[in-house]
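What follows is a single structure, written as structure tokens, with notes after it.
The values are calculated or read from the model by the stated rules, or taken from the named source; none is laboratory data. Computed from a predicted model, the values in this text were never measured in an experiment. A quick note on method: Cβ atoms are made from the backbone with ideal geometry, for glycine too, and the neighbour counts reach across all protein chains shown. These area figures cover heavy atoms from the full protein model, side chains too; ligands, DNA and RNA do not enter into them. Shrake-Rupley method; radii C 1.70, N 1.55, O 1.52, S 1.80 Å.
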Amino acid sequence: MDIRTASVVSPNRHSLLGITFYASRLTFSFSRWMFALILWSMSLLPFDRLPAHSPRRFVPQKIDWGDGSQIAPLFDGLETSAAQCKNAADLESWLLDWSELNAAVDEESSRRYIAMTCHTNNAEAEKAYLHFVEHIEPQLKPREFKLEQIYLGHSLRDKLPRERYEVFDRNTKVHVELYRDENVPLETEEARLSQQYQKLSGSLTVQFRGEEKTLAQMARYLEEVDRALRQEAWELVARRRLQEADSFEQMFDQLVKLREQIAKNAGCGDYREYAFRARCRFDYTPEDCLKFHEAIEREVMPALRELQAERRRQLKLDKLLPWDLAVDPLNRPPLRPFEQVDKLVSAAQEIFGQLDQDLARGFQTMNDLRLLDLANRKDKAPGGYQATLAEARLPFIFMNAVGVQRDVETILHEAGHAFHALATRDENLYPYRHAPIEFCEVASMSMELLGNQFLEAFYSPADARRARRDHLEGIVEVFPWIATVDAFQHWIYTHPGHTRAERTAAWLALMDRFGGEVDWKGWQNARANLWHRQLHIFLHPFYYVEYGIAQLGALQVWARSKENPVQALANYKRSLRLGGSRPLPELFSAAGCRFDFSAKTVKPLVALVRQELEPLN
Ligand SMILES: [Zn+2]
């Protein structure tokens, strides 16, 4: 997922894992609902029928996923067949049936999500997604919980190969420990509010020079050398967002209250404790994150201040204002890597071809199957994401490309996720087909850095150097933002009952600590509400520090590739194939990096970035 804006489908999806043999009674009623469903899915999804990875052996060929009464017998069947397992092989086969069911459910949910985010103005798509989230998923959660309990208590579980199931068992145990029936409706409400946030953000437009523009489309004007034009564009967007400030605050108040209740119901001291366990963060603690923030403050902030001071000097300004941050500091016109999305696709294809033939084939397949929806248009949800169609075992990429360098970074990023999904296609245990997010983002961020060597596919040599510099500067800039967003959430969820004013004060204190040299005079309100545009805070609480942890991994992959590109890429691909089957430190080490985010790791990597920036000036 794209770090500043996007949403990823998977983190919401608490791994299901279903199972049974039950093909008999699903004679399939071709209900009106199903008919409606087929109609919308045909017209609203960018892709047509996808090739099946493997034939279904447990889930019936035809099933109406909008009708819970057709899904329930599959869970009944799994409950019954678990008791009939006679040996470890039977139990493993049972796990695969459960996997097949979960992949099918996951894919259905992704399809509805994709249709909705590609058409935020389509009432049918929204209804179909909401129906699934509000009526189907809540029915499945207690059924999943029951199966997890059955599995954990199964007498044959000890007979399974220990190393193979170690991670699965650990994750399943924590789900079972945290599961509460009474949290199901609260999570449904949380999902509904999240969808409202998406809808509101996606609907915002401004009138700019006689044309209606989405806020994403306005981003490119911040790169214009005409300072008055940048200011006009920035202020229009800031004002438009401020008009909605109260709606965003209200939504967030409700979300915080829900989350505090969810944590309390699960017997956790606060929501932070709950979130760390629910996100299966076995390999680091809240204290490690706080130390990471400190390491960023000490090691990265000097580099950020230096870059900002240099920018200010180059632009010949007394002060950097919020609209001076994206323009080229030498006042060259903005980089325009492409006008049409076709060029984005073909140039990305060329880059992957130069990196590795396997990766290039993967991307080509996605393009052939129309698994890319890249152009920005009105009524498309903001941001970018990669979603995996879990049953077809194929990735889909969603973006809002408008023709800026950031789009190039985003396609490389999301393609990294897509390569990860493709690398795990042959893993039959569904939960092992996705890695923990801390490592998923190593896959994507490494691809940004590795792909950057070949930016001449988009640019002249001089512009490619400029784009590389922009990207590396972006890495220096993003660490402080990660610390801000993460530390803010630590504050929010360890201060139950806080007021809006206290929350704003906490945010502003972090902006002081990590904001660098920007002068917000006259726009204090916009500064105080800047977090409203950070979708993760609303949709995926605590999901942000992962980007920082992963960026350190990606920088290590990149550092290795400077010494030995062939070996570094081979390690990268090998680590992707492990999916989620091993604990985080092992995934990092397979990729040739250390799982550590103390100052000891941060310091030399920041030094490397500074050193690489030097000749790109
Ligand atoms: Zn990502």
Within the under-11-Å Cβ sphere about LEU369, not counting LEU369, Lys/Arg +1 and Asp/Glu -1 give a net charge of 0
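Evaluate the relative contact order of the chain (contact order divided by residue number), counting alpha-carbon pairs under 8 angstrom at least 6 apart; express in whole percent. All intermediate terms of the calculation are to be shown ahead of the outcome.
Working: 865 pairs, mean separation 118.8, N = 617.
This gives 19 percent for the chain.
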For segment 105-241, the Cα convex hull volume per residue in Å³ comes to 164 Å³
For segment 83-204, the accessible surface attributable to carbon and sulfur atoms (probe 1.4 angstrom, ligands and nucleic acids excluded) amounts in percent to 50 percent
FRET efficiency (ALA123, THR365; Cβ distance; R0 45 Å; to 0.05) is 0.85
Of 229-236, 169-176, 154-161, ordering from highest average Cβ density within 10 Å down gives 229-236, 169-176, 154-161
Around ALA228 (Cβ within 15 Å, Cβ-to-Cβ, excluding ALA228; K/R +1, D/E -1) the net charge comes to -3
Contour minus Cα-Cα span, HIS154 to GLU339, at 0.36 nm per residue, comes to 60.8 nm
Here the Cα Rg-to-2.2 N^0.38 Å ratio for segment 271-414 is 1.39
Subtracting the Cα-Cα distance of ASN617 and ASN87 from 0.36 nm times their residue separation yields 184.3 nm
Whole-percent carbon and sulfur contribution to the accessible surface of segment 432-543 (1.4 Å, no ligands, DNA or RNA) stands at 53 percent
Here the alpha-carbon Rg of segment 534-614 over 2.2 N^0.38 Å rounds to 1.20
Square roots of five times the C-alpha gyration tensor eigenvalues of segment 113-154, ordered largest first and given in whole Å, equal 32, 9, 4
HN-Hα couplings for segment 183-196 via Karplus (6.51, -1.76, 1.60; θ = phi - 60°), in whole Hz with x for Gly/Pro, come out as 7, 4, x, 5, 5, 5, 5, 4, 5, 5, 5, 4, 5, 5
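Using the crude model of +1 on Lys and Arg Cβ and -1 on Asp and Glu Cβ, and no other charge, please compute the dipole size for segment 475-603 relative to its Cα centre, in debye to 20.
In debye, rounded to 20, segment 475-603 gives about 360.
Per residue, what accessible area does the chain have, given a 1.4 Å probe and all protein chains present, in Å²?
Ligands and nucleic acids excluded, the figure is 40 Å² per residue.
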Output ordering of 457-468, 273-284 (per-residue mean of other Cβ within 10 Å, highest first) is 273-284, 457-468
Zone reached by a paramagnetic label modelled 7 Å from LEU200 Cα along Cα→Cβ, restricted to segment 479-517 with backbone N below 15 Å, covers 500
Under 19 Å by backbone N from the virtual spin label 7 Å along Cα-to-Cβ at ASP169, the residues of segment 125-156 are 147-156
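How big is Rg to Rh over the chain, alpha-carbon atoms, Rh as the Kirkwood inverse-mean-distance radius?
0.95
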For segment 78-83, in residue order, the Karplus 3J(HN,Hα) values (coefficients 6.51, -1.76, 1.60; θ = phi - 60°; whole Hz; Gly and Pro = x) are 5, 4, 5, 6, 4, 5
Answer in debye to the nearest 20: the dipole magnitude of segment 396-555 about its Cα centre, from +1 Lys/Arg and -1 Asp/Glu charges placed on Cβ, is 380 debye
In this structure, among LYS127/LYS264; LYS562/LYS603; LYS199/LYS380; LYS141/LYS173; LYS127/LYS199, pairs with alpha-carbon gaps over 21 Å are LYS127/LYS264
Stretched fully, the stretch from GLU189 through ASP283 gains (0.36 nm per residue minus C-alpha distance, one decimal, in nm) 30.8 nm
To the nearest 20 debye, the chain has a Cα-centred charge dipole, built from +1 on Lys and Arg Cβ and -1 on Asp and Glu Cβ, of 340 debye
Note on segment 276-360: C-alpha Rg/Rh, Kirkwood Rh, two decimals, gives 1.16
The local net charge around ASP90, scoring Lys/Arg +1 and Asp/Glu -1 for residues other than ASP90 whose Cβ lies under 11 Å from its Cβ, equals 0
Share of accessible surface on carbon and sulfur in segment 243-286, whole %, 1.4 Å probe and ligands ignored, is 43 percent
Per the Cα gyration tensor, segment 80-159 corresponds to an equivalent ellipsoid with semi-axes, largest first in Å, of 35, 12, 8
Here the alpha-carbon Rg of segment 161-261 over 2.2 N^0.38 Å rounds to 1.70
So the pair-distance distribution of segment 376-419, from every Cα-Cα distance in 10 Å bins, comes to percents of 29, 49, 21, 1
Note on the chain, DSSP bridge orientation, antiparallel percent to nearest 5 equals 70 percent
In whole angstrom, the spacing between the Cα centers of segment 69-83 and segment 238-296 equals 35 Å
Rounded to whole angstroms and listed largest first, the alpha-carbon spread of segment 468-535 along its three principal axes comes to 45, 28, 21
Per the C-alpha gyration tensor (a ≥ b ≥ c, the square roots of its eigenvalues), segment 404-507 is rounded if a/c is under 1.5, else prolate if a/b beats b/c, else oblate; here it's oblate
From the Cα centre of segment 559-580 to that of segment 361-391, the distance in Å is 25 Å
